[in-house]
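Have a look at the structure below before the remarks.
The values are calculated or read from the model by the stated rules, or taken from the named source; none is laboratory data. Please read these numbers as outputs of a predicted model, since none were measured by experiment. When we count neighbours, we look across all protein chains shown, and the Cβ atoms used for this are built from the backbone with ideal geometry, even at glycine.
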Amino acid sequence: MKELTTTVVIVGSGSAGISAGFELYQHNIPFVMLEKGDKVGGAGKFGAHGVFAINSKQQQARRVKYGYQEAFNGLTAYNHNFVNGELLSRFLKASAANIDRLHEMGLPVTVEQSEQRAHLNDPLVYHKFNQMREKMANWDQLPARFAEKGNRVLTETSLVDVDYADGLRAVIAESKDGERLRITAKKVIFADGGYSGNKAMMAENFVHAEDLLNLGERKSTGVGIQICRRLGATSNHRPVLFAHGCAPSYQINPMKRDNAIETLTNLPLLWVDKTGHRFVNEEIVYDFALWANAAHNVGNRYYLLVDQATLDRFKKETVPLEDTFERQFCDVGQSPRTDVGPLESIQTDFDQGVADGVVVKADTIADLAEKIKVPAAALKDSLAKYNAAVAAGNDDTFLKSKESLQFKVEDGPFYAVIEHCATLGTLNGVDVDQNCQPLKDDGQPLTDLYIVGNNVSGLYSDSYPSYEGIANGFAFVSGWIAAKEARLSLEK
Ligand SMILES: Cc1cc2nc3c(=O)[nH]c(=O)nc-3n(C[C@H](O)[C@H](O)[C@H](O)COP(=O)(O)OP(=O)(O)OC[C@H]3O[C@@H](n4cnc5c(N)ncnc54)[C@H](O)[C@@H]3O)c2cc1C
């Protein structure tokens, strides 16, 4: 086995890991960073568009009234008090300084109005990366900066275990070729991003996990969480899925933006669940987290129903409905479109969708019901009620607005797009104290260990709250907290 010696090992180079590395780099504490992938990154690099903060300089300049009291009370209430209050407090209080750090790291952000239509009137708390491409390129340059001070970033090298007896002795890693490495170190920070890439852990925690579409970091398989649990850390918290949007498949999802099936997915059309019933006001599409929660609640799968006349209209016309993801893909300062179409490729895309099995086509409702295995009587009844609501411009059950009641579903051929609840990750793991140290049942922290970002429990009761940028903001701040605490403990 190869051997190395350092002071701190950081596992993962996503938001939490890179942030921890920056703190140690600035204070000249030697470290080794392990990254399973062939580049630094994680969901924080390839996915996240921004971070939450309160009282940043930019917010102060814009006289934002929303501060600590509103955020602390708001999040505590939203999560029905299932929160780690001290950790939440520490995160919120450090969130403004985190914005300055992001600039120092070369990952600048600008406070912007929400990316979600449902939150356009929310307080200004979302700090968006100025440019996604620039962010990714600058992230990739951080290892070279770290290396200037003798630190090492080992890519294609994964955490597999620790040697621990009343304190850390060494971290055990493995290269992609299976070669083991023993890194003698004083502290370790687990920033490996949760467990959404671990099928067994997902199935253990979420019913119908097979119907979830994982758009998160698949390399995150819960290794840090499992090690902490094995060493006695508590994980007395309900599972928290980072449900966010819905999509038909990995090929057709909001990250791609190249398919008319995806565009229709992102509009408030007609949806039914596995029982053939409507289950929500489809305008929930304009709130990513709540949209996905509604799908999660009906077993992670629902059907979007349209008929041929609807496809034909989208093909020829500009339709006054906004694609819910439109604003997310605008750079800072760019104006979003509030309509869609004409979608010239819609028929080709749907025909291909039928061939690929993501869309089901049938001439009659009875046939469609049989093909998607929902009860025909319920489906017919749902369509009759929905068509009546469109005709009257009044949905007296789910209260969808008149503007969204544009398309009846009445003449075949009919199409059902199979939609899945998408997930950007998981947001529970082990319980920690305010220093991000894993806690044992007796309330004592596990010495020398820190666990951060998507790996920890304590910020959310059961789902991602509609506070944009909070997961990523917390990941950066928790990595910073852990590195700072490790440093202070070493300096004692
Ligand atoms: C598409 C997408 C969009 C998102 N948008 C937002 C947003 O706008 N706002 C927001 O707040 N949040 C957003 N998120 C969530 C946010 O990105 C995460 O909450 C955040 O990145 C979590 O940080 P982390 O460091 O815990 O994990 P990550 O950033 O995912 O980093 C984990 C790292 O650990 C590495 N790793 C895993 N296992 C090992 C191992 N055994 N050994 C070594 N390395 C390992 C991984 O390869 C990865 O690089 C988004 C996520 C996705 C996927």
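Details
- For LYS402, the stated conditions hold: it is farther than 27 Å from GLY353 by Cβ and either buried (at least 24 other Cβ atoms within 10 Å of the Cβ) or not hydrophobic (A, V, I, L, M, F, W, C) (or both).
- Every condition in (1) surrounded by fewer than 24 Cβ atoms within 10 Å (Cβ to Cβ); (2) more than 7 Å from the ligand (Cβ to nearest atom) holds for HIS49 except the one numbered (2).
- Selected residue (criterion: farthest from ALA471 (Cα to Cα)) from residues of the stretch 209-226 that are part of a helix (DSSP H, G or I) and of a type in the set (Val, Ile, Thr): VAL223
- Restricting attention to the stretch 297-329, the residues being closer than 30 Å to ALA203 by Cα and either away from the ligand (no atom under 16 Å from the Cβ) or free of Cβ contacts under 8 Å to residues at least 40 places away in the same chain (or both) number 9.
- Test: GLU174 is within 16 Å of the ligand (Cβ to nearest atom) and either in contact (Cβ under 8 Å) with a residue 24 or more places away in the chain or not assigned by TED's automatic domain parsing to the domain that holds ALA233 (or both): no
- ALA147, sole failed condition from (1) crowded, with 16+ Cβ neighbours inside 10 Å; (2) in contact with a strand residue (DSSP E or B) (Cβ under 9 Å, 6 or more places away or on another chain); (3) among the small types (Gly, Ala, Ser): (1)
- Any hit, the stretch 66-74, residues being in contact (Cβ under 8 Å) with a residue 40 or more places away in the chain and either in contact with a Gly (Cβ under 6 Å, 6 or more places away or on another chain) or within 13 Å of the ligand (Cβ to nearest atom) (or both): no
- Look at (1) crowded, with 19+ Cβ neighbours inside 10 Å; (2) out of contact with any Cys (no Cβ under 7 Å at 6 or more places or on another chain) and you find that VAL430 fails only one, number (2).
- Considering the conditions (1) away from the ligand (no atom under 15 Å from the Cβ); (2) surrounded by 16 or more Cβ atoms within 10 Å (Cβ to Cβ); (3) over 23 Å from the mean Cα position of the chain (by Cα); (4) not in a loop (DSSP other than H, G, I, E, B), ILE29 is excluded by exactly one of them, (4).
- Pair list, Cβ under 9 Å, 6 or more apart: the stretch 1-29 residue among the basic types (Lys, Arg), other residue assigned to a loop (DSSP other than H, G, I, E, B) and within 15 Å of the ligand (Cβ to nearest atom): LYS2/GLU179
- Restricting attention to the stretch 192-242 and to residues that are more than 21 Å from SER158 (Cα to Cα) and touching a Gly at 6+ places or on another chain (Cβ under 6 Å), the residue that is farthest from the ligand (Cβ to nearest atom) turns out to be HIS208.
- Tally, over the stretch 243-252, of residues that are more than 13 Å from the ligand (Cβ to nearest atom) and of a type outside the set (S, T, N, Q): 3
- The stretch 205-233, subset within 28 Å of VAL162 (Cα to Cα) and among the charged types (D, E, K, R), residue surrounded by the most Cβ atoms within 10 Å (Cβ to Cβ): GLU217
- Residue check, LYS93 crowded, with 18+ Cβ neighbours inside 10 Å, out of contact with any strand residue (DSSP E or B) (no Cβ under 9 Å at 6 or more places or on another chain), among the basic types (Lys, Arg) and assigned to a helix (DSSP H, G or I): no
- Only one of the numbered conditions (1) surrounded by fewer than 23 Cβ atoms within 10 Å (Cβ to Cβ); (2) within 16 Å of the ligand (Cβ to nearest atom); (3) at pLDDT 95 or above; (4) hydrophobic (A, V, I, L, M, F, W, C) is violated by MET255, and that is (3).
- Going through (1) part of a loop (DSSP other than H, G, I, E, B); (2) closer than 30 Å to TRP291 by Cβ; (3) within 16 Å of the ligand (Cβ to nearest atom) one by one, ASN454 falls short only on (1).
- Matching option when the condition is assigned by TED's automatic domain parsing to the domain that holds LYS187, surrounded by 24 or more Cβ atoms within 10 Å (Cβ to Cβ) and among the aromatic types (Phe, Trp, Tyr), among TYR450, TYR467, TYR415: TYR450
- Qualifying residue in the stretch 42-58 (condition: part of a loop (DSSP other than H, G, I, E, B), more than 22 Å from SER114 (Cα to Cα) and assigned by TED's automatic domain parsing to the domain that holds TRP480): yes
- Any hit, the stretch 395-403, residues being in a helix (DSSP H, G or I) and under 27 Å from ASP163 (Cβ atoms): no
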